[in-house]
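Colleague: My questions all concern the structure below.
What follows draws every value from the coordinates through simple rules; no lab data is involved. Given the structure is predicted, the values throughout are model-derived calculations rather than measurements. For neighbour counting, all protein chains shown are included, and Cβ atoms are generated from backbone atoms with ideal geometry for every residue, glycine included.
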């Protein structure tokens, strides 16, 4: 892959992003119920991320939508905390730095929006991503911080944004 572009989500991205996310769940044999896979919002991420204090970054590799990652003010999170959400990559886009770039851009965006902490939920099937989160300063929690509606997620993590400039 030659050219990487990271930009904000556009309405025309909805179908490609839904397919990318749902294909990731199929690829890793991850639970489909109680996750974003079965969440109707996955089909209109553009509208979902129009909410104040949210952003969804889309990564293109050679003109192909290859990943996404965003920040969302999930209901029920503590004051000053947002969720790192919808972080997915196409298989051919893994290992080229796109994922880390999308995640760090999202974390920087959270800091710019005034958040102090970023929370995420994941699954054991996404163990490589969980290792990346840990390397990026996320720490494991014993229980969820909110009711995201994704009750099949069994990994909850949080990161302070104090060290982000």
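Colleague: Listed highest first by mean packing, meaning other Cβ atoms within 10 Å per residue, what order do 26-35, 154-163 come in? Don't skip to the answer; put the middle values down first.
Modeller: Values: 26-35: 13.8, 154-163: 15.7.
Packing order, densest peptide first, comes out as 154-163, 26-35.
Colleague: Which residue fluctuates the most in the chain, going by a Gaussian network model with Cα springs under 10 Å, if the choices are 69, 146, 81?
Modeller: Highest fluctuation of the listed residues: 146.
Colleague: Could you list log10 I(q)/I(0) for segment 54-137 at q = 0.25 Å⁻¹, which the Debye formula gives when each Cα is one point scatterer?
Modeller: -1.29
Colleague: Listed highest first by mean packing, meaning other Cβ atoms within 10 Å per residue, what order do 7-16, 88-97 come in?
Modeller: Details: 7-16: 13.8, 88-97: 15.9.
Ranking the peptides 7-16, 88-97 by packing returns 88-97, 7-16.
Colleague: How large is the helix-only mean residue ellipticity at 222 nm for the chain, computed as the sum of -39500 (n - 2.57) over DSSP H runs with n ≥ 4, divided by its residue count, in deg cm²/dmol to the nearest 500?
Modeller: Working: 4 runs with 42 residues, N = 165.
So the helix-based figure for the chain works out to -7500 deg cm²/dmol.
Colleague: Give me the mean projected area, in nm² to one decimal, of the convex hull enclosing the Cα positions of the chain.
Modeller: On the way: hull surface 34.9 nm².
Answer in nm², one decimal: 8.7.
Colleague: When a/c is below 1.5 the answer is rounded, else prolate if a/b is larger than b/c, else oblate, so apply that to segment 12-99 with a ≥ b ≥ c taken from the square roots of the Cα gyration tensor eigenvalues.
Modeller: Details: a/c = 1.65, a/b = 1.34, b/c = 1.23.
Because a/c hits 1.5 or more and a/b exceeds b/c, segment 12-99 counts as prolate.
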